[in-house]
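The values are calculated or read from the model by the stated rules, or taken from the named source; none is laboratory data. Quick caveat, the model's predicted, so the values are computed rather than measured. Neighbour counts are summed over all protein chains in view; Cβ atoms, including those assigned to glycine, are modelled from backbone coordinates with ideal geometry. What goes into the accessible areas is simple: the full protein's heavy atoms, side chains included, and nothing from ligands, DNA or RNA. Shrake-Rupley method; radii C 1.70, N 1.55, O 1.52, S 1.80 Å.
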Amino acid sequence: MHKALKIISLLLSYPSAELLAGAPELKAALDGDDTVAREVKLLLGRLIDDLAGQDLYDAQERYVYLFDRSRSLSLHLFEHVHGESRDRGQAMVDLMTMYEDSGFVIDAKELPDYLPLFLEFLSTRSVEEVDDLLAQTAHITAALGERLKKRQSVYADAFLALRLLSKAKPDQKLLKELLEGAEDDPNDLSALDRLWEDETVTFGGNAGDNSCGPDRLRTQMRAAARKPNDPLNTIPV
């Protein structure tokens, strides 16, 4: 499971020349993991093959079109659940504290709620913790998967694989609320600019009572360091 989580983290990151060139290595690591179900291997293998067959600039353009120009497909988890900037900012601080308390160090330029980063963190946790943590965000990742499936995007396979990896089940009420929300048009740049201007994230204040989860997630954490000898750590993000 842990290698698969790291691989999903890499596949959902912005495509780089290193990622595309390392596709055979990713596939070999996936195929050699006996803890991962065949269906998960097929789903992730299809996404790996798709990326490997892409021109780098085409892959990057597709990624930006999907995840950066469509707020409803944002890979920043708190984008989907915090309507108030103060709540979102405090949630970021709490999540960063959770990482630090667990010995997980991230680049200062990375936002802690970026899904690939969160999945990399999960790849360092126990199976029990992974299930608990994925359950906290299952409604968000399930909604992203459904929206990508609706757009017939191969990236939907990564989210289906994520659901199959864990016992975590999305809260159906929260999932329904997310899916009922309006989806922005990535071609309408003026509307997109207005959406992003609606909320400015600040790191401070107190999290709201309906906060998505850093406070809840942090209570389940035990101190642990990244595994320095994990072979997948040599694959660049």
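Filter region 164-195 for residues that are open to solvent by 90 Å² or more (accessible area, probe 1.4 Å) and within 30 Å of LEU42 (Cβ to Cβ); which is modelled with the lowest pLDDT?
LYS167
Take the residues of region 106-128 that are of a type in the set (D, E, K, R) and out of contact with any Leu (no Cβ under 8 Å at 6 or more places or on another chain): which is farthest from GLY89 (Cα to Cα)?
From region 106-128, those of a type in the set (D, E, K, R) are 107, 109-110, 113, 120, 125, 128; that's our starting set.
Now narrow it down to the ones that are out of contact with any Leu (no Cβ under 8 Å at 6 or more places or on another chain): 107, 109, 128.
Values: ASP107: 18, LYS109: 15, GLU128: 28 Å.
The residue in question is GLU128.
Among the residues of region 97-139, what is the count of those that are free of Cβ contacts under 8 Å to residues at least 60 places away in the same chain, more than 24 Å from LYS169 (Cβ to Cβ) and open to solvent by 50 Å² or more (accessible area, probe 1.4 Å)?
Looking only at that region, the number is 6.
Taking GLY103 and the conditions (1) under 24 Å from SER70 (Cβ atoms); (2) assigned to a loop (DSSP other than H, G, I, E, B); (3) small (Gly, Ala, Ser), which numbered condition does it fall short on, given that it satisfies the others?
Failed condition: (1).
Can you list residue pairs whose Cβ atoms sit under 7 Å apart, with the first residue in region 152-176 being under 14 Å from HIS2 (Cα atoms) and the second being open to solvent by 80 Å² or more (accessible area, probe 1.4 Å) and not aromatic (Phe, Trp, Tyr)? Count only pairs 6 or more apart in sequence or on different chains.
Correct list of pairs: LEU164/GLU39.
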